[in-house]
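Worksheet: the structure to be examined is printed underneath.
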Amino acid sequence: MTLFVASLLIFAGTEWLPGDLASAILQNNATPSNLAALRAQLGLDRPIAQRYLEWLNHALHFDFGTSLANGQVVIAEVAPRLENTLFLAAYAAIIAVPLAVGLGLLAAIWQGSFLDRIINLLTLTVISVPEYFLAYILIHYLTVSLGWFPSLANVNTVTTLAQRLYLTFLPMLTLVMVITAHMMRMTRASILSIMASPYIEMAYLKGLPTWRIVIAHALPNALGPIVNVIAINLAYLIVGVVLVENVFVYPGLGQLMVDAVTKHDVPVVQACGLIFAVAFILLNLVADVVAIISNPRLRYRAA
Amino acid sequence: MQLLGHKLGWTATFGIVVVAINLCLMLFAPWIAPHGQNQIVADAWLTPNSQQWLGTDDLGRDMLTRLIFGARMSIGLALSATLLCFALGVSTGFTAAIAGGWVDTLLSRLVDLLLSMPLLIFAFMILSVMGTAIPVLILTVGILNSAIVYRLARSVAMGIVVQDYVEAARLRGEGLGWIMLREILPNAAPPLLAEFGLRFCFTFLLIAALSFLGLGVQPPNADWGSMVKDLSGMISLGSSAPFYPAGAIALLTIGVNFIVDWLLSIQSRGHGEGA
Amino acid sequence: MIAPSDPLLRVLGLSVQAVDRRGNASLIVDDVSYDLQRGEVLGLIGESGAGKSTVGLAALGFARRGCELVRGSEFFHGRDIRQMPATERRQLRGAKIAYIAQSAAAAFNPAKTLMEQVIETVAFHGLMPVDQAQMDAIALFDALGLPHPQSFGNAYPHQVSGGQLQRAMAAMAMMANPDILIFDEPTTALDVTTQVEVLAAFRNLIRQKHTAALYVSHDLAVVAQIADHIMVLRHGKVVESGTAARILQSPQQDYTRRLVRERASPTEFRKQPDAAPPVLTITRMDANYTKASRTLRDINLTIGMGETFAIVGESGSGKSTLARAITGLLPRATGDIAFLGETLPPRLAQRSKRQLQMLQMVTQMPDTALNPHQSVLDVIGRPMAFYFNHSPAIVRARAIELLAQMDLPESFLHRRTGELSGGQKQRVCIARALAAEPKLIICDEVTSALDPLIGEEIMQLLQRLQQTTGIAYIFITHDLGIVRRMAHKVAVMLKGEIITQGTIAQIFSPPFHPYTEKLLTSVPQMRADWLDDVLANRVTSQLQTP
């Protein structure tokens, strides 16, 4: 349902808003006659609803048409890029998720300690900084000064996995820093709000040690919120990926989309937008489902 | 130091100083900057020296001057977009909370719709069709962001609406305006203020990101995001030029975030009182 | 070695300090000492903020966030709990000294089954094997009168009722056969009829197992049923202590005397005003929150000018819903309400300004009833400006007059409402209602959030105002004591219906309606043998009705 709405939005956003697609494509070369010709070629003279249904039907069969910029089939262009982006996002997520949840738990257990305050200051700084600034700092030190890692992540189909991991180390590190900071702060906050509940006080009065209380009493209740935090941040990763791919000239979906937007290549923009939206919606769906499973109250209501 | 009867830590003081300086730059850019915005003052790519404190850019324009004018564009844009999204988000959020029923359902569905896609991606698509004129930029970012403000304003107001004093005002026969302005707003102010800071940072970073990707502010105007893009080629040559605008972005967001963090800590202490 | 005569727990000079958010420290428990003997129950009595819960928690060596045990010693089996290493203290908690919290609904972890939580202490401390623990738990569930003891433990906390949860918490506390039980207001959140059952279950348990207990409560009559000794606390200090019988029969201190007298019933009921014309008449009214359910069914009642009409019932009986239907916050489905001779429209928005002005309301929680950002003058002045368009000078003069009627000084005019105490706030709420010069005020549980003595003062104030202004009240309450002392007429509600109504003399004299009798006998009385009598009566009445 949400997905349907999103597809409608994407279509409306690109084709229905004021601003004529044909004149946008032709830019300065627009003459009345070739404008009309292009409109006919794009089918812009047909009713909007009909065009939407056709587009949706094709999209469901992974057919997004051909690129306006180079005439290639969109899906052929998008598929390898999507693979690259998923690889980078997974690479970052595998490292960031355990790191962030672990640090968040530690900060919550030692709330108010020196460690907690240092972590707070650091993460606050990192989330304030634009991704590309972090990326440039990393490039400046790790590439230009030390020469450890390449600044361009120009992978292709023949790159081996080891090479790939090495080439994408800096983009990964940038993403990890950003989402770890976000995730850690949110994990800490959700654990702390649970640690203030009366049943935690009761657990202390039952004579349980802090580690047992955090693991047996706080964590089961925090699971929903934490998974929610992870899902939100993985969704955030999608946005971060766009910027980081551009800094490191990584051939992913984000870079493709930015290129397509500047070239007014509408079919490619639509395809990329739809993929990003699908990922975003799926992650939010997972978060909701886990929230229900981890809470007996909601679980029974659903059953 | 003290403000509003609460102790300011060094982080909050730092934040206030940074924000104050930036606001001055924004308001008085033409009087502070040593040169004109697009004036070519020397050779290209000069390193920092006694004449051009931060050196010059690819066309030989003074970097410091560009930065100061960039402040005007970046902060001005973000501030207008944030004000717009707050005006929209808070008024609709409060209305939904007070009115309830179908008004609430309709507005909330609409907002779910807006939030069903990542903001940046959504902004891409709109800007790709609508063009990147400055009013379009403000409207797009402002409206998309207002969905998030709506959610917060609604949930804060929901908490207040069920309080007995709002019920007392309703029983007295007070109108929507009185309830919104006199009963809810004063009590909703602290969380909304903190959210304003966060929203400003978000908007500011979003616009900078769009500009960085070449989809925001277009030449000859410049904001910090597009300056980073223009200078980014220099990074692999070991130049620190891109760090100036990027650092300026980071500094301002850190400053605002420090203030917000302080505001939130006051609020949470305030809640602790009842326990 | 300790001699057998030594007390189980000896507390000497205990002081607890609290630090507020501005960093000011104050003693919330000041130099409290007591002895607890084996098998003995000590009752701790006091109003909110008296420090009684803090004393209870301190017996476990525990202080809430922002509090600190600063002085004193607590000898348990001759060892000072305060000086013990943390691990040793932890092994004491739950095993030797166990705690039963006020709100079981909040104190049980919502994500785990009751059984997991009940046996957690013994299982974790390795006191007994898990299957043995489960069998013990089932036996305790049975002893506490819980339904289906075999499967009760498989439920999650939200699936059972409040009274059952409170008993499950007692089972949890008893698992390790502790030497001392700490009860922290364990029946405060329950309805009176449930309170009787839970109280009886607690008492049986303590007597059977010969466990010592500290019983913390604000209700002297409840404590009197279970305690051997009573200690009265006020502002963190001990006012008086002695055997339960001595405290009840010959209290030495003035404060204790007022506490004992508070529940005393008047010998005469209030006299009915002479055939007053009706101010509000409800005929055949139904109201509901959703289409499917009928929350209120066939409500009929008439309230006369200058009369106090009480509506009593337990939580969920629909008495507050009735108030919402009268005020129009919940539009009625069918039926009619006549107010001052004209029909009151169902919806709030359809009512005239005059109708709104004539019908005012005072609610249960004074803390949420006043906008904390407004001054007392703002609060009291607004109805006058709104309904009568009075000039600021008149509003101010009237506000001072009203404050005087409330026994509040003029200097309160410019105080923020957030700075006032609960009792003062409730007075401001009453002043706000009176400022509209109404003919009828609905009082929804106006004293239940206040301490007993403060509540009593508010009641006297309301009665005095009625005598001078001739105003009519609807009292929504669960407290039959209030009804008895304050009301002219009463309606008893059960499951959304009025099951019986009439003058106080009719309802509160035999022959009783069976439900009214159950309610009446459930109200704790200031005598030690009240609970025995109630239980004895219930058994005989159950024997009589097959």
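The values are calculated or read from the model by the stated rules, or taken from the named source; none is laboratory data. In this text, all values refer to a predicted model and were calculated from it rather than measured experimentally. Cβ coordinates were reconstructed from backbone atoms using ideal geometry, including for glycine residues, and neighbour counts include every protein chain displayed.
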**Request:** Collect the residues in region A:109-145 that are within 11 Å of chain B (Cβ to nearest Cβ) and of a type in the set (Asp, Glu), keeping them in residue-number order.
**Result:** A:Glu131
**Asked** If B:Val90 satisfies every condition in (1) in contact with a helix residue (DSSP H, G or I) (Cβ under 7 Å, 6 or more places away or on another chain); (2) surrounded by fewer than 18 Cβ atoms within 10 Å (Cβ to Cβ); (3) closer than 25 Å to B:Pro191 by Cα but one, which is the exception?
**Response** (2)
**Message:** I'm checking my understanding of the structure. Among residues of region B:211-246 that are facing chain A (nearest Cβ under 7 Å) and part of a helix (DSSP H, G or I), which one is farthest from A:Asn246 (Cα to Cα)?
**Reply:** B:Phe243
**Request:** Only residues that are over 25 Å from C:Ala171 (Cβ atoms), assigned to a helix (DSSP H, G or I) and not β-branched (Val, Ile, Thr): list them for region A:191-218, please.
**Result:** A:Leu192, A:Ser193, A:Met195, A:Trp211
**Request:** Could you list all residues from region A:195-215 that are buried (at least 18 other Cβ atoms within 10 Å of the Cβ) and either on the phi > 0 side of the Ramachandran plot or at pLDDT below 85 (or both)?
**Result:** A:Met195, A:Gly207, A:Val214
**Pair list, Cβ under 6 Å, 6 or more apart: region C:45-74 residue within 12 Å of another protein chain (Cβ to nearest Cβ) and more than 20 Å from C:Ile180 (Cα to Cα), other residue of a type outside the set (Phe, Trp, Tyr) and in a strand (DSSP E or B)** = C:Gly66/C:Ala18; C:Gly66/C:Val19; C:Cys67/C:Val16; C:Cys67/C:Ala18
**Request:** Please work out which residue is nearest to the other protein chains (Cβ to nearest Cβ), limiting yourself to region C:117-174 and to residues that are of a type in the set (D, E, K, R) and surrounded by 20 or more Cβ atoms within 10 Å (Cβ to Cβ).
**Result:** C:Glu120
**Unmet requirement for A:Leu192, which otherwise passes all of (1) among the hydrophobic types (A, V, I, L, M, F, W, C); (2) modelled with pLDDT under 80; (3) over 23 Å from the mean Cα position of the chain (by Cα)** = (2)
**Options B:Ala194, B:Ala208; residue that is assigned to a helix (DSSP H, G or I), touching a residue at least 24 places away in the same chain (Cβ under 8 Å), among the small types (Gly, Ala, Ser) and surrounded by 22 or more Cβ atoms within 10 Å (Cβ to Cβ)** = B:Ala208
**Asked** Is there a residue being in contact (Cβ under 8 Å) with a residue 12 or more places away in the chain, part of a helix (DSSP H, G or I) and within 19 Å of B:Leu67 (Cα to Cα) anywhere in region B:172-182?
**Response** no
**Prompt:** Of the residues that make up region A:170-189, is at least one away from chain C (no Cβ under 14 Å), in contact with a Lys or Arg (Cβ under 7 Å, 6 or more places away or on another chain) and of a type in the set (Val, Ile, Thr)?
**Reply:** no
**Request:** List the number of the failed condition for C:Leu461; all other conditions in (1) buried (at least 18 other Cβ atoms within 10 Å of the Cβ); (2) out of contact with any Cys (no Cβ under 9 Å at 6 or more places or on another chain) hold.
**Result:** (1)
**Item:** Subset of region C:242-256 [touching a His at 6+ places or on another chain (Cβ under 7 Å) and either in contact (Cβ under 8 Å) with a residue 60 or more places away in the chain or in a loop (DSSP other than H, G, I, E, B) (or both)]
**Value:** C:Ala244
**Message:** Looking at region A:278-286, can you tell me whether even one residue there is touching a strand residue (DSSP E or B) at 6+ places or on another chain (Cβ under 8 Å), small (Gly, Ala, Ser) and either touching a residue at least 60 places away in the same chain (Cβ under 8 Å) or assigned by TED's automatic domain parsing to the domain that holds A:Ile194 (or both)?
**Reply:** no
**Asked** Based on what the data block shows, is C:Thr290 of a type in the set (Val, Ile, Thr) and modelled with pLDDT under 85?
**Response** yes
**Complete:** Of the conditions (1) over 25 Å from A:Lys263 (Cα atoms); (2) at pLDDT below 65, the single one that A:Arg46 does not satisfy is (1)
**Complete:** Subset of region C:400-453, residues touching an Asp or Glu at 6+ places or on another chain (Cβ under 9 Å) and among the polar types (S, T, N, Q), comes to C:Thr417, C:Thr447, C:Ser448
